[in-house]
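The values are calculated or read from the model by the stated rules, or taken from the named source; none is laboratory data. If you're wondering where the values come from, they're calculated on a predicted model, not measured in any experiment. Note that each Cβ is placed from the backbone with ideal geometry, even for glycine, and that neighbours are counted across all protein chains shown.
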Amino acid sequence: MTDKSMLVVSAHSADFVWRAGGAIALHRKNGYRVKVVCLSFGERGESAKLWRKGEMTLDTVKAARREEASRAADILGAEVEFFDLGDYPLRVSDEALLRLVDVYRDVQPAFVLSHSQQDPYNFDHPLAMHVAQEARIIAQAEGHNPGQKIVGAPPVYAFEPHQTEQCEWVPNTFLDITEVWEVKRRAIECMAGQEHLWEYYTRVALQRGVQAKRNIGITAKRDIQYAEGYMRLTPAVVGDLA
Ligand SMILES: [Zn+2]
């Protein structure tokens with residue numbers, strides 16, 4: 001067991017499930033405290049199936065998305081906090097930014113996961129990564145709320161966007177999620193509003209699994225079937241290059 005924590009900053013209520021559900025389940029299994037912040041519910045931009053039901057309002061869609069994301073977080077073992085800032089467009093006030101700084105100081109994450117820094121299909125996603133990084137830096141500042149425990153320098157990773165090439169996202173880290181794949185799949189199936197993505201993200205995990213395996217070499221005994229790709233944005237500081 002460990003006393004470590006991790007933080008996920010998700011623009012919309014389902015992003016953390018597709019893109020980091022394996023990391024959450026795996027680290028939780030290894031004893032981490034996992035905190036997920038959903039900046040919005042994705043009520044306008046990522047709830048197409050719910051809107052097609054007809055007679056939906058912004059509030060009923062938000063309620064449905066909150067319920068789905070809460071169930072998925074429960075399955076993965078994460079604490080989830082909804083900022084409800086709205087989506088399409090997401091806008092983050094200074095007040096919301098400082099609320100995220102408070103989360104950093106409370107959680108003291110060992111690492112942070114958020115979106116790719118580019119995404120021409122979705123401007124909410126890079127904004128979420130921007131505020132995740134900005135809040136991290138403020139949380140490090142001695143002069144912000146002096147007396148509180150500042151955070152160290154948790155590595156920042158961009159999880160996988162929907163269209164990797166257009167987002168200039170290249171994985172440099174693969175996380176073997178084989179042992180928790182079933183948990184991730186159950187969490188994915190909570191996302192009834194985006195059922196069209198269930199199989200898509202299963203295929204992504206299988207593809208990344210093959211690539212992860214290729215990167216440890218065929219002599220390695222480890223049987224990786226499912227993986228998540230990450231693009232580490234902060235330099236790794238090591239004492240051994242092997
Ligand atoms: Zn999203």
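State whether the residues of the range 205-220 include one that is at pLDDT 95 or above and closer than 30 Å to A64 by Cα. So far as the range 205-220 goes, yes, one or more of its residues are at pLDDT 95 or above and closer than 30 Å to A64 by Cα.
When every residue of the range 27-39 is checked against the conditions, at least one turns out to be in a loop (DSSP other than H, G, I, E, B), within 18 Å of L90 (Cα to Cα), at pLDDT 95 or above and in contact with a helix residue (DSSP H, G or I) (Cβ under 6 Å, 6 or more places away or on another chain). Looking across the range 29-65 at every residue that is among the acidic types (D, E) and within 30 Å of R105 (Cβ to Cβ), the one that is surrounded by the most Cβ atoms within 10 Å (Cβ to Cβ) is identified as E43.
The set of residues in the range 44-60 being without any contact (Cβ under 8 Å) to a residue 24 or more places away in the chain and on the phi < 0 side of the Ramachandran plot consists of W51, R52, K53, M56, T57, L58, D59, T60. For the range 203-228, a residue qualifies if it is under 17 Å from P161 (Cβ atoms) and surrounded by fewer than 21 Cβ atoms within 10 Å (Cβ to Cβ), and the qualifying residues are R203, V204, Q207, Q211.
In the set R186, R99, R208, only one residue is farther than 22 Å from K35 by Cα and among the basic types (K, R); that residue is R208.
For (1) more than 12 Å from the ligand (Cβ to nearest atom); (2) more than 21 Å from V204 (Cβ to Cβ), each residue gets a yes or a no:
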site: L7; (1), (2): yes, yes
site: H12; (1), (2): no, no
site: F16; (1), (2): no, no
site: L26; (1), (2): yes, no
site: F41; (1), (2): no, yes
site: E46; (1), (2): no, no
site: L50; (1), (2): yes, yes
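You will find that of E68, E81, E95, E55, the residue that is among the acidic types (D, E) and within 15 Å of the ligand (Cβ to nearest atom) is E68 and no other. From the list P155, P120, P171, the lone residue that is surrounded by 21 or more Cβ atoms within 10 Å (Cβ to Cβ) and of a type outside the set (S, T, N, Q) is P171. Of the residues making up the range 183-199, none is more than 21 Å from L76 (Cβ to Cβ), within 16 Å of the ligand (Cβ to nearest atom) and in contact with a Phe, Trp or Tyr (Cβ under 8 Å, 6 or more places away or on another chain).
Within the span defined as the range 111-118, every residue fails to be without any contact (Cβ under 8 Å) to a residue 24 or more places away in the chain and away from the ligand (no atom under 16 Å from the Cβ).
Might you check whether a residue that is in contact (Cβ under 8 Å) with a residue 24 or more places away in the chain and outside any helix (DSSP H, G or I) occurs anywhere in the range 181-193? There is at least one residue in the range 181-193 that is in contact (Cβ under 8 Å) with a residue 24 or more places away in the chain and outside any helix (DSSP H, G or I).
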